[in-house]
Amino acid sequence: MNGLRLTLSALVFCLAAPALAQQQAPTPPVGPDWSRITVKTTELGNRTYMLEGQGGNVTVAVGDDGVIMVDGQFAPMHDKLKAAIAAVSPQPVKFLVNTHHHGDHTGGNAAFAAGGATIVGHANLKTMLAAGTTSNVTGAKTPPQPDGALPKTTYTDATTVAVKGRVAQLKHPVGAHTGGDTYVYFADANVLSTGDTVTIGRYPNIDFLNGGSIKGMIAASDAYLALANDATKIVPGHGPLASKAQLAEFRAMLATARDRMAPLVKDGKSLDDVYAAKPFADLDAKWAVSEQAAKNFMRVVYISLKE
Ligand SMILES: [Zn+2]
């Protein structure tokens with residue numbers, strides 16, 4: 001039961017809008033029916049795959065003696081993800097890289113680690129998982145994670161993770177979606193996994209309680225635009241596989257949001273003033289999956305600029 005509660009509190013992190021709607025109901029939030037969720041595998045070339053199930057997108061890079069995996073969704077997805085990986089390779093998962101600490105990306109850590117994977121993440125991510133965190137969206141607390149769910153290998157600026165025949169380049173974008181983000185580039189497949197520093201077809205969350213900022217989000221997008229070319233396949237934290245052109249649209253949206261919010265913050269407007277002014281109304285059609293999501297994005301940009 002405790003495990004289930006943990007999963008549910010993790011669930012409200014990145015699925016802000018539906019979770020908030022559920023929170024306002026008299027009953028506690030209800031998780032998805034895990035038994036009905038399937039994993040969709042998309043081939044990205046050169047033995048590299050994107051997996052979609054429930055939670056953040058997963059990237060899988062198959063080598064000659066092992067698999068490198070980026071993000072592991074929620075704990076109940078472990079067996080389905082494992083089966084999806086087994087369908088493309090008999091090799092074991094040797095490394096599981098965490099793009100950030102949120103439960104829809106790290107929920108699978110303990111189970112994959114128990115299966116032999118080394119969890120890899122930024123040093124700040126390990127600190128946050130070990131200490132427990134509070135959701136900037138709902139205020140829900142995620143308790144400290146057990147040792148088995150924490151990264152065994154951490155880094156601060158950049159590092160690489162390798163299995164025979166495959167190398168993952170890991171880099172830390174400073175203060176972006178959270179303060180412990182990692183993005184991963186597989187040069188041999190021209191695949192870039194961004195975690196939630198990029199979301200496609202929806203506004204990102206910016207976890208200002210745990211080190212995130214709109215400025216860092218824009219800087220991360222700039223780093224990706226410098227790294228990518230027109231053939232780069234971008235696995236966003238949420239949403240479909242994206243191109244460099246779509247990344248540029250995402251970056252433009254972030255910059256517009258910053259440029260419109262900055263004067264409101266400077267003029268001393270309250271958050272309620274901002275909600276009433278609806279400074280992003282024209283962006284909502286493309287990026288807001290719900291009214292609640294639109295409001296949350298105003299809130300995170302406002303607080304991020306105010307601090
Ligand atoms: Zn997240």
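Every number here is computed from the coordinates shown, using simple stated rules; none is lab data. Everything numeric here is computed off the predicted structure, so don't read it as measured data. When we count neighbours, we look across all protein chains shown, and the Cβ atoms used for this are built from the backbone with ideal geometry, even at glycine.
Structure above, values below:
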read-out	value
Dipole magnitude of the stretch 2-257, debye to nearest 20 (Cβ charges: Lys/Arg +1, Asp/Glu -1, about Cα centre)	180 debye
For the stretch 166-186 and the stretch 266-307, distance of Cα centres in Å	27 Å
Among Ala140, Leu247, Val161 - extreme Cα towards positive end, dipole of the chain, charges at beta-carbon	Ala140
Centre separation in Å (Cα based) which lies between the stretch 187-257 and the stretch 122-155	23 Å
Shape call, the stretch 2-257: gyration tensor on alpha carbons, a/c limit 1.5	rounded
Phi to ³J(HN,Hα) by Karplus 6.51 cos²θ - 1.76 cosθ + 1.60 over the stretch 263-270, Hz, x for Gly, Pro	x, 5, 5, 4, 6, x, 5, 7
Distant-in-sequence amide H partners of Gly179 (H built 1.01 Å from N, under 5 Å)	Gly211, Gly212
Gain in span if fully extended, Thr160 to Leu241, counting 0.36 nm per residue against the direct Cα distance	26.8 nm
Amide H contacts of Gly195 (H built 1.01 Å from N, under 5 Å, at least 5 apart or other chain)	Gly237
